[in-house]
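**Q** Mind looking over this structure? Questions follow.
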Amino acid sequence: MANDLLSSMHISASGMSAQRTRMDIVAENIANAESTRTDEGGPYRRRQVVFQATPGQQQFSNIFNSSFNSNQHQSVKAAYIAEDPTPFRQVFDPSHPDANAQGLVNMPNVNSVEEMVDMNSAARSFEANVTTMEASKRMFLKSLELLR
């Protein structure tokens, strides 16, 4: 039983870690929403976190069967950070130092509204994992209390 409670805490902790990474990347995107020059050259390109279930990718039947085995559990991790391939926004500003001959400036492909929605979603997911961890902790403490 203690293993089940610790497993649920491990799963919640991995979810919190993944969502924290997602919030960090969203904050980076918002901070660079107007950056027209990067070390790689050109404007900043929006980044997204790609999540992966651990351990590895499994077939549905294996995941379904593992749900009956208390020694196996799935958690999540931030597998890698991907760059968004959508095209850059073009803004007419002939006075900008990065403007081309037509007066157009390539601006980052960051949409602040979309980033705020992503931040809100990550925060809600983080809160859900915190709630699950707190519930697991309460159950664990109640179990210890019953064993006295």
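The values are calculated or read from the model by the stated rules, or taken from the named source; none is laboratory data. This structure is a prediction, so every number in the text was calculated from the model and none was measured. As a convention, Cβ positions derive from the backbone with ideal geometry for all residues, glycine included, and neighbour counts pool all protein chains shown.
**Q** Every residue in the stretch 43-68 that is exposed (fewer than 13 other Cβ atoms within 10 Å of the Cβ) and either modelled with pLDDT of 85 or more or part of a strand (DSSP E or B) (or both), please.
**A** Selection gives VAL50 alone.
**Q** Go through the stretch 100-124 residue by residue and tally those that are assigned to a loop (DSSP other than H, G, I, E, B), within 14 Å of GLU34 (Cα to Cα) and over 19 Å from the mean Cα position of the chain (by Cα).
**A** Residues in the stretch 100-124 being assigned to a loop (DSSP other than H, G, I, E, B), within 14 Å of GLU34 (Cα to Cα) and over 19 Å from the mean Cα position of the chain (by Cα): 1 in total.
**Q** Within the stretch 21-42, track down each residue that is in a helix (DSSP H, G or I) and touching a helix residue (DSSP H, G or I) at 6+ places or on another chain (Cβ under 7 Å).
**A** ARG22, MET23, VAL26, ASN29, ILE30
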